[in-house]
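First comes the structure, then the notes that go with it.
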Amino acid sequence: MWKALLLWFDSRLRFTETVMPMVKHPIPAGAAGPMGWWYVFGSASMTLLILQIVTGIGLALVYVPSADMAYESLEYLNYQAPLGWFLRSLHYWSGSAMTLMVAIHMTQVFLHGSYKYPRELTWMVGVVLFLLTLGMMFSGQVLRWDTDAYWGVGVGASMAGRVPGVGPQVVHLLLGGPVIGGDTLSRFFALHVFVIPALLLGALAVHLWLVLKCGISAPPAPGQVVDPKTYHAEYEKELEKGEPFLGPAMMKDAFFSALTVLVVLFLAAYVGPKGPSAPPDPSLAGANPRPDWPFLWLFGLLSLSPPSMETFIILVFPVVLILALFAVPLVSRRGERAPSRRPVAVLAVIVIWTILSVLSYEGYTSPWSPIMDAWSKDPVPTNIIKGSSPRELQGALVFQNKNCRNCHALHGEGVTPGERGGTRGPDLTNVGLRLTRNQLIDQVSNGTPGGGNMPAYGKQVRPAEMAVLADFLSNLRPPGTDPAIAAGDPPKN
Amino acid sequence: MSESTPPPTRRSFFAIITYLMGAAAAVFTAIPFLGYLFGALRKPEAQWVDLGAAAGFPVGETRLVTFDNPIREPWDGMTAQTGVHVRNKGERIVDGVSKPDFDVFAINCTHLGCPVTWFPQSGLFMCPCHGGVYYENGDHASGPPPRGLYHCVWQIEEGNLRIQAPHLPTLQDTLTKKDA
């Protein structure tokens, strides 16, 4: 009876005769064998996209995209809606997993040279998909509408404001008006829910069309060179020995997709949802916004760059990177595909991933951020204070009161890393070994020579305070060591 | 010359009318829609915000004042809260008359817009994001910011300090006409 029902639909939809040939299309025998495991990352990305759409729809049933209620609706989801926390958690972890999976898929395609003739357009559409995925991560963070999101949009707007000529107009378009507010949130909501998903699904359809029409590439073999003149004939011969996709190849895709979803489910249940952190009240000073993890590397890169190069790196560098990504199959269209014969490609992958990891770590630890409450939270370590003269004690008080600890750390016995102070400037635990008393007074009074990262405290510190501060600082050295002497001074006996 | 061109038929005339109508439909949809999309570019009129009695700000001190920014949508909620740092510099002689002198700074750092905190102990504004520092008069002291703090337009009206409601200041779109 069921068969008759299915037949009724199928004879009208013509599903079987249209779709089954696609599903059963022959793929190179190598792709169906053990090497086929390298091919699973693309379909896993698509599975996670579907999961995102489903969880996203679930969230949209409760989330209020209004600046005054967004935060409340997220708190409601976290603490009151049944399993709301899990839905939020799944949406974040699945989105993160998708971004990572797309990056892995891209790396695999690059390493196997599958972007070469005739699949150059597939690669380019893939780059578009990658950028749109990053766009979803960015706009998704804005929708969390907490203090990170609010100030993060402010940072984005300040960067956009540097575009020569039309900067202010770009800012107004980004914010939906002259200030960060309800218009901004609505704009990003429309982008995240309507515009980018539509573009994603459209680009995905083109991407899949191309995969079907060009055929999936065979696993690369050293010596098997891509030559546009002979490629199609060789590929046809491969397909004669091929196997249908419906079979072990599809099973590998399905297995890995299921495994990915299970891992994401576990992470979502075990770690829980991300935020929202503090409410987006702009009058709360001390906010230190952080982008979500896929952008930590860029955050680190920009924060570590010299200020004079900043505008160039912000505006031009991403464009150059994106153009380079698009240009990959144009620059390297033919030739060897096997990684063992492409040392530059392998090296590029290792170097790029290493750079991204290191920059992401820097972005995560952000040592360039002063710790705004260190001056009152982190006392001068006891072993430094012990045995100090009264002047040195007064100097320690001046050191703390003038907020120096916000940027400068002091190590001591029993002091945990979180209690040392800021890492914006150098650690001063042994500064008495490095700078003479006069040099210390000079540094504090005038700041970094030529202008830099330390302000001039000359007018902020009274002469008596400066004198005792210098005493304290020049005493900051291991016990029993001599103070620093300047090059021209006679040595102490 | 029209020797080989066939004379216009009803079909070809109908086709031309269809193309024209289609073009008109596209254009008259696009223009208002683009006007709507880019409507955010229009500048709002200046609005004034009362920050309280000028005498309420002790001379030589910097205070953070938060207020509900009139540049807002009705549904902005707490995100309409805006902060400015107000410093009373005492009296100044203007045209032979002694007048109160203030500096009012937007809370946004000029580097990338994070909120700066005033530290009265050291007399410095510090930004938590990348360590930008400014002196009490708003001048850049150290760190990555390219310029001093953004000044707000202020005036004293009947003894009250008022400022022009600040939009989000950026390097090419400050709060004052003179880019102060």
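The values are calculated or read from the model by the stated rules, or taken from the named source; none is laboratory data. Just so we're clear, the structure is a prediction, and the values are computed from it rather than from any experiment. Cβ placement follows ideal geometry from the backbone for every residue including glycine, while neighbour counts extend to all protein chains displayed. With ligands, DNA and RNA removed, areas are computed over all heavy atoms of the protein, side chains included. Shrake-Rupley method; radii C 1.70, N 1.55, O 1.52, S 1.80 Å.
With the Cα gyration tensor of region B:1-106 in hand, convert its eigenvalues to equivalent ellipsoid semi-axes via √(5λ) and list them largest first in whole Å. Each step should come with its number before you reach the end.
Working: eigenvalues 870, 63, 16 Å².
Over the Cα atoms of region B:1-106, the semi-axes work out to 66, 18, 9 Å.
On a 1.4 Å probe surface of the protein chains, which of A:Trp145, A:Trp37, B:Trp154 comes out largest in accessible area, and what is the full order? All intermediate terms of the calculation are to be shown ahead of the outcome.
Values: A:Trp145 0, A:Trp37 110, B:Trp154 70 Å².
Of A:Trp145, A:Trp37, B:Trp154, the descending order of accessible area is A:Trp37, B:Trp154, A:Trp145.
Can you list the lysines whose alpha carbon is less than 20 Å from that of A:Lys386, not counting same-chain residues fewer than 8 positions off? Result set, ordered by chain and number: A:Lys377. Can you pull out the chymotrypsin sites (Phe, Trp or Tyr not before Pro) in region A:82-136 that DSSP calls coil and that have at most 12 other Cβ atoms within 10 Å? In loop regions of region A:82-136 (DSSP not H, G, I, E or B), there are no sparsely surrounded chymotrypsin sites (Phe, Trp or Tyr not before Pro).
Report the charge-dipole magnitude of the protein assembly as shown in Debye, nearest 20, computed about the Cα centre from +1 at each Lys and Arg Cβ and -1 at each Asp and Glu Cβ.
On the way: 49 positive and 49 negative charges, 313 e Å.
That gives the protein assembly as shown a dipole magnitude of about 1500 debye.
Measure off, as a whole percent, the carbon and sulfur share of the 1.4 Å-probe accessible area of chain A, all protein chains present. Here carbon and sulfur together make up 70 percent of the probe-accessible area.
Per residue, how many Å² of accessible area does region A:423-462 show with a 1.4 Å probe?
In whole numbers, region A:423-462 has 56 Å² accessible per residue.
Computed with every protein chain present, the accessible area of A:Trp368 is close to 20 Å² [probe 1.4 Å]. Note on B:64-76: average number of Cβ atoms from other chains within 10 Å of each residue's Cβ is 5. Within the full protein context, the accessible area of A:Met137 is estimated at about 20 Å² for a probe radius of 1.4 Å. Interface B-A: total buried accessible area of about 4600 Å², 1.4 Å probe, protein heavy atoms only.
Highest GNM mean-square fluctuation among B:Ile163, B:Ile16, B:Ile107, for chain B modelled with Cα contacts below 10 Å: B:Ile16. For A:Lys116, a cut-off of 21 angstrom between C-alpha atoms picks up these lysines, skipping any fewer than 8 places away in its own chain: A:Lys213, A:Lys229, A:Lys237.
Mean partner shielding of peptide B:82-92, defined as the number of other chain Cβ atoms within 10 Å of each residue Cβ, is 1.
Averaged over its residues, how many other protein chain Cβ atoms are within 10 Å of peptide A:302-311's Cβ atoms? Kindly include the intermediate steps, with their values, before the conclusion.
Numbers: counts 3, 5, 1, 1, 1, 7, 2, 0, 5, 2.
For this peptide, the per-residue mean of nearby foreign Cβ atoms is 3.
The orientation-averaged shadow of the Cα convex hull for the protein assembly as shown, equal to a quarter of the hull surface, comes to 49.3 nm².
Surface exposure of region B:1-103, expressed per residue as accessible area with a 1.4 Å probe, stands at 72 Å². Within chain A, the longest segment free of exposed loop sites, counting trypsin sites (Lys or Arg not before Pro) that fall outside DSSP classes H, G, I, E and B and have at most 15 other Cβ atoms within 10 Å, spans A:25-228. Solvent-accessible surface of region A:7-75, averaged per residue with a 1.4 angstrom probe and all protein chains in place: 55 square angstrom. With contributions of -39500 (n - 2.57) from each DSSP H run of at least four residues, the per-residue ellipticity at 222 nm computed over chain A stands at -18500 deg cm²/dmol.
How big is D for region A:266-367, in µm² s⁻¹ as a whole number, if Stokes-Einstein is applied with the Kirkwood radius of its Cα pairs at 20 °C and 1.002 mPa s?
Details: Rh = 17.2 Å.
Approximately 125 µm²/s, per Stokes-Einstein.
Restricting region B:1-100 to GluC sites (Glu not before Pro) that sit in a DSSP loop and have at most 15 other Cβ atoms within 10 Å of their own Cβ leaves B:Glu3, B:Glu45, B:Glu61. By a straight-distance test (C-alpha under 15 Å), which aspartates and glutamates pair with A:Lys241 as possible cross-link partners, with residues fewer than eight away in the same chain excluded? Counting by Cα, and skipping residues close in sequence, A:Lys241 has no aspartates and glutamates nearby.
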